[in-house]
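Worksheet for the structure shown next.
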Amino acid sequence: MGLLHIALVTNSYYPHIGGVETAVQEIGRELVRKGHRVTVITARNPLSAPAYEKVDGLPVHRVPMFMPGVAMHGGGRQYILAALKLVATPVIPASCLYTAVRIFAGDLPDLVNVHYIGGNALYGIMLSRVLRVPLVVNIHGEDIARDPVESRLCRILVRFALEQSQTVLCNSGYLQQLAAQIAPEIAHKSGVVGNGVRLEEFETVAPYISNVPYIFGIGRFIHEKGLDQLITAFTQAKPDLGEAKLILAGGGPDRADLEQLAGNCEAGDHIEFKGYVNHHSAISLMKGAQMVVVPSRREAFGIVAVEAMAAGTPVIASAVGGLPEIIRHGENGILVPDSCTEDMAEVMQMLWQQPAIRAKLAVEARRTVATQYTWSQVTQRMLQEYVKILAHPKQV
């Protein structure tokens with residue numbers, strides 16, 4: 001198999017920054033480093049964004065992918081209004097597809113790889129059919145791990161994308177199982193490729209300097225991330241943690257509730273809210289912590305755990321979703337039962353009092369990331385799937 005030309009189709013890309021955007025950018029970079037060619041197709045959002053530019057050497061084409069957000073995430077009356085709007089403006093999807101097809105005139109990709117099942121998925125499916133090339137769908141998390149998937153249109157689109165793909169690639173085995181529940185027929189054509197980090201980023205960032213040792217938690221301030229459980233566990237553990245404090249970083253709709261919870265607990269004076277921090281600062285805070293706690297109630301993959309492991313900091317995590325696939329209990333981290341703050345508090349106390357165990361876990365955690373979760377390794381696993389598809393193509 002020679003060098004490939006891959007069309008990466010994503011619903012969002014630079015200047016937006018998030019998990020999917022980062023993954024597509026890093027995978028694109030790695031594919032180019034390995035000698036392949038990449039073309040990124042993304043939604044033109046905002047409309048003032050250039051239709052074409054190169055971002056970090058990757059050609060990025062922006063087209064007006066029309067799939068109203070209210071139709072993807074709403075219900076009832078909102079869904080009806082969005083559906084009427086879609087029916088009333090058929091020229092927009094046709095124009096978008098025409099624009100996307102023109103991008104590849106005379107230079108067809110070997111396959112179309114849709115990242116995240118959103119409004120972009122429909123266009124990725126149509127593009128692969130018109131160009132008569134295989135379709136690969138990458139599941140990232142919230143695209144199928146919603147509870148429940150918000151609208152009927154969204155449920156239909158998710159199932160349709162899974163059924164139409166030649167291969168479904170997932171960030172975790174947990175997501176693979178969820179996808180098979182939605183579309184059982186994909187069980188024979190799905191695989192796990194994981195998510196990644198750039199280790200060199202972690203090597204150049206200095207640890208955060210605090211006046212007292214601290215435990216760290218980071219994530220969106222929403223119920224699913226379980227930061228309320230971390231506050232409760234820290235309060236339970238605090239009598240045996242000496243001068244330790246808890247630092248929380250992030251933002252979201254539950255911030256006021258979390259601050260109120262912290263303010264009402266006995267350890268409230270030892271809990272600090274940093275607010276939103278950029279990626280560089282997050283790495284610094286992870287590297288300076290005695291331990292990082294990932295108290296999620298639901299977690300599609302567990303990128304915070306991987307980043308903390310890359311930072312060389314021991315991790316305590318809830319045994320939910322994709323986290324048990326990353327953390328081997330007692331070897332490269334510690335798992336605690338879901339929603340059990342007493343167990344979480346006991347582990348925090350144990351690790352606080354056992355620096356040798358913390359050091360052992362940190363070394364093995366870093367080794368795990370270096371051997372499994374770099375972007376180069378994630379991309380290599382994807383390439384292996386590409387080669388399988390192209391070696392045995394089905395009729396498109």
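The values are calculated or read from the model by the stated rules, or taken from the named source; none is laboratory data. The structure presented is a predicted model; accordingly, all values stated were derived computationally and were not measured. For neighbour counting, all protein chains shown are included, and Cβ atoms are generated from backbone atoms with ideal geometry for every residue, glycine included.
What do you reckon, is Lys238 buried (at least 18 other Cβ atoms within 10 Å of the Cβ) and farther than 22 Å from Val277 by Cα?
Answer is yes for this residue.
Starting from the range 25-49, keep only residues that are outside any helix (DSSP H, G or I), then list their pairs with residues that are of a type in the set (Val, Ile, Thr) whose Cβ atoms are within a distance under 6 Å, requiring at least 6 positions of separation or different chains.
Val38/Ile6; Val38/Val32; Val40/Val60; Ile41/Val9; Thr42/Thr10; Arg44/Val63
Determine whether Phe202 is assigned to a helix (DSSP H, G or I), modelled with pLDDT of 95 or more and not hydroxyl-bearing (Ser, Thr, Tyr).
In short, yes.
In this structure, does Arg381 turn out to be touching a residue at least 60 places away in the same chain (Cβ under 8 Å) and farther than 22 Å from Ala289 by Cβ?
yes
Within the range 104-119, identify whether any single residue is at pLDDT below 80, surrounded by fewer than 16 Cβ atoms within 10 Å (Cβ to Cβ) and more than 30 Å from Val192 (Cα to Cα), and answer yes or no.
Within the range 104-119, none of the residues are at pLDDT below 80, surrounded by fewer than 16 Cβ atoms within 10 Å (Cβ to Cβ) and more than 30 Å from Val192 (Cα to Cα).
Kindly evaluate Asp240 against the criterion of being of a type in the set (Asp, Glu) and either under 22 Å from Ala305 (Cα atoms) or at pLDDT below 95 (or both). If you could, list the steps in order and put the result at the bottom.
Numbers: of a type in the set (Asp, Glu): yes; either under 22 Å from Ala305 (Cα atoms) or at pLDDT below 95 (or both): no.
Considered against the rule, which asks whether it is of a type in the set (Asp, Glu) and either under 22 Å from Ala305 (Cα atoms) or at pLDDT below 95 (or both), Asp240 comes out as no.
Looking at the range 144-156, which of the residues that are in contact with a helix residue (DSSP H, G or I) (Cβ under 8 Å, 6 or more places away or on another chain) and either of a type in the set (Val, Ile, Thr) or modelled with pLDDT of 85 or more (or both) is farthest from Gly18 (Cα to Cα)?
Val149
Which residues, counting only those in the range 167-181, are outside any helix (DSSP H, G or I) and buried (at least 23 other Cβ atoms within 10 Å of the Cβ)?
Residues satisfying the conditions are Val168, Leu169, Cys170, Asn171, Ser172.
Filter the range 44-60 down to the residues that are of a type in the set (A, V, I, L, M, F, W, C) and either touching a strand residue (DSSP E or B) at 6+ places or on another chain (Cβ under 6 Å) or under 14 Å from Ile103 (Cα atoms) (or both) and list them by number.
Ala49, Ala51, Leu58, Val60
Go through the range 177-207 and give me each residue that's of a type outside the set (A, V, I, L, M, F, W, C) and either in contact with a Leu (Cβ under 7 Å, 6 or more places away or on another chain) or within 19 Å of Leu157 (Cβ to Cβ) (or both).
Gln181, Pro184, Glu185, Lys189, Ser190, Gly191
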